[in-house]
Structures are given as structure tokens and as C-alpha cells.
1. Just to be sure I understand, how many residues within the stretch 180-208 are surrounded by 21 or more Cβ atoms within 10 Å (Cβ to Cβ), part of a loop (DSSP other than H, G, I, E, B) and among the aliphatic types (A, V, I, L, M)?
2. Just to be sure I understand, how many residues within the stretch 94-110 are on the phi > 0 side of the Ramachandran plot and surrounded by 17 or more Cβ atoms within 10 Å (Cβ to Cβ)?
3. Filter the stretch 244-275 down to the residues that are away from the ligand (no atom under 14 Å from the Cβ) and open to solvent by 30 Å² or more (accessible area, probe 1.4 Å) and list them by number.
4. Are any residues in the stretch 139-156 open to solvent by less than 80 Å² (accessible area, probe 1.4 Å), modelled with pLDDT under 95 and away from the ligand (no atom under 11 Å from the Cβ), and if so, which ones?
5. Identify the residue in the stretch 167-179 that is under 14 Å from the mean Cα position of the chain (by Cα) and not in a strand (DSSP E or B) and, among all such residues, is nearest to the ligand (Cβ to nearest atom).
6. Could you list, in sequence order, all residues of the stretch 151-166 that are in contact with a helix residue (DSSP H, G or I) (Cβ under 8 Å, 6 or more places away or on another chain) and either outside any strand (DSSP E or B) or among the β-branched types (Val, Ile, Thr) (or both)?
7. Please go through the stretch 58-86 and pick out each residue that is within 13 Å of the ligand (Cβ to nearest atom), surrounded by 19 or more Cβ atoms within 10 Å (Cβ to Cβ) and of a type in the set (A, V, I, L, M).
8. Does the stretch 286-304 contain any residue that is more than 16 Å from GLY188 (Cβ to Cβ) and within 9 Å of the ligand (Cβ to nearest atom)?
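The values are calculated or read from the model by the stated rules, or taken from the named source; none is laboratory data. Nothing here was measured: the structure is a model prediction, and the numbers come from that model. Virtual Cβ from ideal backbone geometry, glycine too; neighbours counted across all protein chains shown. Remember, those area values only see protein heavy atoms, side chains included, never the ligands or the DNA or RNA. Shrake-Rupley method; radii C 1.70, N 1.55, O 1.52, S 1.80 Å.
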Amino acid sequence: MTERFVSEHFKSPDSHLVATDGLQYQQPSITHGRTDIVSLTPWLAPIVWEGTFNPVLLDSVYQKKNISIAVTVFAVGKYIMFMKDFLETAEQHFFVGFRVHVHVFTDRPNEVPKVKMADGRKLSVHSVPNSKRWQEISARRMEMIQKLIEEKLKGDMDYIFCLDVDSKFHGRWGTESLGELVAVIHPGYYRDHRSRFPYERRSASRAYMAPDEGDFYYCGGAFGGLLKEVHQLAQTCRKNFEDDAKEGIEAAWQEESHLNRYMWINKPSKVLSPEYLWQDFKPRNPEILIIRFSGVVKNYNDIRPN
Ligand code: UD2
């Protein structure tokens with residue numbers, strides 16, 4: 001069988017949704033629903049908010065597919081201190097009842113806490129070097145995600161989510177978030193005009209965005225999708241970051257800037273609302289009915305290497 005035949009004739013886990021006959025759930029409506037938010041992008045990708053999906057229905061559909069989800073999380077240097085809460089709260093809220101394999105990248109493998117994981121869930125630790133610059137730690141994640149997919153995950157897992165470690169889960173993050181290419185809207189800028197988004201604004205960079213460009217400002221701290229899509233994203237962002245570096249330029253927000261450029265051209269097939277990455281220091285806006293995952297308050301001077 002050629003690779004082309006396989007990709008054309010075998011469905012990805014994201015297509016053909018088979019429901020459970022007899023499952024009882026609330027009748028959906030096309031005229032009644034939330035009116036305080038927008039739940040579709042101009043390219044018709046869903047924007048996931050509380051109240052726009054039925055978790056019981058979605059879980060039953062994806063249970064049949066026996067899907068698996070890989071997670072990458074980096075804990076380099078003092079960021080290891082966030083690992084315990086991240087792992088413990090993931091057990092309570094992240095794809096509960098599904099096959100999850102967490103990949104921890106750290107320079108302190110002996111300090112990775114032992115957290116009891118449910119059946120079907122596991123953790124692997126990968127050793128990575130430390131760095132004197134936080135910018136480099138953050139940016140090199142793309143390279144490691146690319147290699148992990150190529151060397152370990154291909155043919156084994158279906159989806160991958162890449163998450164910041166200095167965060168905790170507070171509410172369900174599950175099958176509603178699955179898609180081919182998944183981006184999360186940053187909690188800090190979604191009410192602003194695009195010209196004020198903190199994109200890379202120097203045209204010399206490969207992450208450049210003009211003032212009249214951009215859909216949303218997406219987080220570098222959470223993204224995901226099918227392995228194939230995330231591989232392409234990581235490979236492209238890594239290459240653009242490295243090519244910029246050869247010319248002596250580092251984008252304003254490192255890999256987050258390159259990710260935003262990538263998503264401008266390669267539109268995400270599913271967009272997650274800021275419920276999926278809030279920040280603890282921010283008061284909750286009224287449209288945020290639930291906070292699912294949120295960055296903890298931290299003192300950068302104490303935890304970053306520079
Ligand atoms: C913002 C972004 C983050 C990233 C960063 C720019 C959101 C909400 N946050 O977060 O994704 O784009 O700005 O760098 O999207 N890390 C270590 N050790 C270090 C430093 C960083 O392991 O010494 C890892 C760790 O996984 C951490 C991530 O890099 O979660 C981002 O760290 P950060 O402190 O720069 O993130 P933050 O909260 O400023």
C-alpha cells in the first residue's frame with residue numbers, strides 16, 4: 001500500500017463521528033444558545049466555550065475510537081517545582097477516562113514527582129540540557145516536540161497537546177478540544193484590536209505580522225492537534241526561529257510569535273477559548289463561565305535563569 005493510498009482511504013480519528021444509539025441528552029438548538037460569545041471563526045472552525053458542546057455525547061463518540069493523547073511539558077531548572085500540581089490536576093481534569101501519555105522534558109529527571117496515574121495513563125521523562133537564557137528554553141521546545149513526534153510518537157499516538165508547566169487544571173479539558181490543528185486564544189488580548197497584539201512587528205523576522213494582519217492572538221503555552229499537523233507546525237516554527245537566529249534576530253515572544261505567524265497562514269481547525277488557558281492573576285471576565293487551565297502567579301526573578 002502506498003502512503004498516499006493510506007492517507008486517502010483510511011479515516012483519521014477526527015472524522016466519522018459514530019454516536020451511541022440510545023444515549024439520552026438535551027436536544028440541540030440552532031436558534032437558542034449563548035449570545036455573549038462568538039463560537040465560529042470566519043473560516044468556520046468551532047471556537048470552544050462552555051455551553052457550546054455536550055461532553056457526554058463527545059466522550060461517548062471518542063471512547064469508541066479508543067484514541068490516545070500525548071502531552072509534552074517542559075520543566076527546566078526551577079520550573080520543576082510546578083510539575084507536581086500540573087500532574088495531579090491533569091489526573092483530575094485532563095481527558096479523564098482516556099489513554100494519555102505525558103512526556104516530561106527536564107534537566108532534573110530525579111526530581112520529577114511520583115504521581116499516581118489512572119489505568120491507561122503513563123509518564124515518560126526525557127533529559128534535556130539547561131540553558132542560561134529562558135528565551136532559549138522556551139523556544140527550543142519546538143525542536144524537541146518535532147523530534148519526539150518523529151522518534152517516539154509516530155504510529156503510536158493520535159493527538160498531542162503541548163502545554164506550559166507553570167499551570168494547573170481547574171476544570172474539564174477533554175474531547176471537545178480535539179481537532180486537526182488546535183490553537184488556544186491568549187487570555188490577555190482577546191478584547192484588543194489586532195494592531196495591538198504582541199506579534200513580531202519587525203519585517204526582518206519570519207514571524208512578522210503587519211498591523212492589519214491577524215485573526216486572534218494565540219498562546220504559546222497551549223496548542224495541539226493530530227500528530228501530523230503538530231509536527232508540521234513544530235518543524236516550521238523551529239526552522240523559522242533558527243533562520244532568524246542566523247540573521248541575529250529573535251522574535252518578540254520567541255516560539256509564540258512564530259506560532260502566531262504559522263496559524264495566520266495555516267488556520268486552526270479548532271480554536272479553544274481563553275477558558276483553556278487563563279492566568280491566575282487576572283480577574284475572571286463575565287464570558288468566562290469556567291476556568292479549565294490557568295497559569296499560576298510566579299516571580300520571574302526567582303525562577304528564571306536570566
Ligand atoms: C508566556 C506564554 C508562554 C511562552 C512565554 C514566552 C501563554 C499564556 N504564556 O508565558 O507560552 O510563550 O510567554 O517565553 O501562552 N520553561 C522552563 N524553564 C525556564 C523557563 C521556561 O521549563 O526556566 C518552560 C516551562 O514549561 C514554562 C514555559 O517554558 O511553562 C514558558 O515559560 P515562561 O515562564 O516564559 O512562561 P510565561 O508564563 O511567561
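1. Residues in the stretch 180-208 being surrounded by 21 or more Cβ atoms within 10 Å (Cβ to Cβ), part of a loop (DSSP other than H, G, I, E, B) and among the aliphatic types (A, V, I, L, M): 1 in total.
2. Count: 1.
3. Residues satisfying the conditions are ALA245, LYS246, GLU247, GLY248, TRP264, ILE265, ASN266, LYS267, SER269, LYS270.
4. LEU153
5. Top of the filtered list is SER177.
6. Listed by number, the residues that qualify are LEU153, LYS154, MET157, ASP158, ILE160, VAL165, ASP166.
7. Initial filter on the stretch 58-86 (within 13 Å of the ligand (Cβ to nearest atom)): 71-83, 85-86.
Remaining after also requiring surrounded by 19 or more Cβ atoms within 10 Å (Cβ to Cβ): 71-76, 79-80, 82-83, 86.
Residues satisfying the conditions are VAL71, VAL73, ALA75, VAL76, ILE80, MET83.
8. yes
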